[in-house]
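The structure appears right after this line, and notes come after that.
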Amino acid sequence: YDFGLKIDHEFDVLIAPGRLMNFHNYSWLSPVDDVYDNSNALVSVVRHLKDADMSILYKPPSIVSIGMYSNSIKEMIEVGGDSFKILKNIDKGLEIGLVERASLILWDVVGFGFQECMACGIPTMVFIKSLLPLDDNAKDIFYKLENVGILHLSVESLVREICIYKQNPQKWILDSERQNIINNFSNEYCNTDDNWDKELTKIIKKLEVGSL
């Protein structure tokens with residue numbers, strides 16, 4: 001299966017939000033944990049994608065999250081209409097059958113799912129509200145991801161880039177500058193070395209002698 005090069009996808013976009021949690025205290029606040037903000041953002045994304053004539057498959061992050069923001073799910077169903085479907089089988093992670101159903105996977109957090117897509121060459125984008133929570137040492141690569149249309153800080157920017165992608169997925173995927181940034185990100189944050197076990201052992205040994 002050649003990710004992104006297939007043309008007969010069932011859906012244009014698979015939305016795979018992160019795990020939503022109950023509100024705790026100020027120290028817990030983040031784009032993932034704030035149920036209210038996340039719910040509104042997801043509804044806005046669905047509305048804009050529908051207006052752009054996109055077909056959408058929504059993957060709930062967990063059974064618990066469905067109960068936590070059931071009103072927002074109802075609103076997404078309403079605004080999405082026939083263009084919006086919800087995945088009935090709820091489980092963690094991505095499997096090949098699910099990935100094959102959509103041309104692009106959209107995340108709302110820079111987490112393991114997003115990293116997995118980047119490392120495996122699966123067409124993906126991420127929509128977050130701000131780069132402020134990120135470590136200063138990591139911001140440079142995320143600014144670059146934003147510049148090549150993978151990371152987005154507004155719904156308008158996101159949907160505009162998805163429309164560009166839809167016009168010619170292969171051209172978007174194979175763009176040399178974008179591939180460069182994806183490779184840099186993957187090398188920095190997604191160790192995909194075939195000998196990963198040996199590399200991990202080396203790192204552990206360095207930590208043991210305090211040379212890192």
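Only protein heavy atoms count here; on that basis, with a 1.4 Å probe, M125 has an accessible area of about 0 Å². The accessible-area ordering, largest first, of the residues S103, S154 stands as S154, S103, per a 1.4 angstrom probe.
May I ask which of K144/K171; K88/K166; K129/K206; K59/K198 have a Cα-Cα span longer than 28 Å here? Checking Cα-Cα distances, K129/K206; K59/K198 exceed 28 Å. Accessible-area rank, largest first, for F114, F127: F127, F114, with all protein chains present and a 1.4 angstrom probe. For G149, the shell of other residues with beta-carbons less than 15 Å away shows a net charge of 0, using +1 for Lys and Arg and -1 for Asp and Glu.
Per-residue Karplus couplings for region 108-125, computed as 6.51 cos²θ - 1.76 cosθ + 1.60 with θ equal to phi - 60°, are listed in order as 10, 7, 7, x, 5, x, 4, 5, 4, 4, 4, 5, 9, x, 8, x, 8, 9 Hz, Gly and Pro entered as x. Here the dipole of region 87-201 is about 520 debye; that uses its Cα centre as origin and unit charges on the Cβ of Lys and Arg (positive) and Asp and Glu (negative).
Taking GluC sites (Glu not before Pro) across region 85-144, the ones in a DSSP loop with at most 16 further Cβ atoms lying within 10 angstrom of their Cβ are E95, E100.
The alpha carbon gyration tensor of region 102-207 gives principal lengths a ≥ b ≥ c with a/c of 1.5 or higher and a/b greater than b/c, which makes the shape prolate.
The values are calculated or read from the model by the stated rules, or taken from the named source; none is laboratory data. Only a predicted model underlies this, so the values are computations on that prediction, with no experimental measurement involved. Positions of Cβ are backbone-derived with ideal geometry, glycine not excepted, and every protein chain shown enters the neighbour counts. Surface accessibility is based on the protein's heavy atoms, side chains included, excluding ligands, DNA and RNA. Shrake-Rupley method; radii C 1.70, N 1.55, O 1.52, S 1.80 Å.
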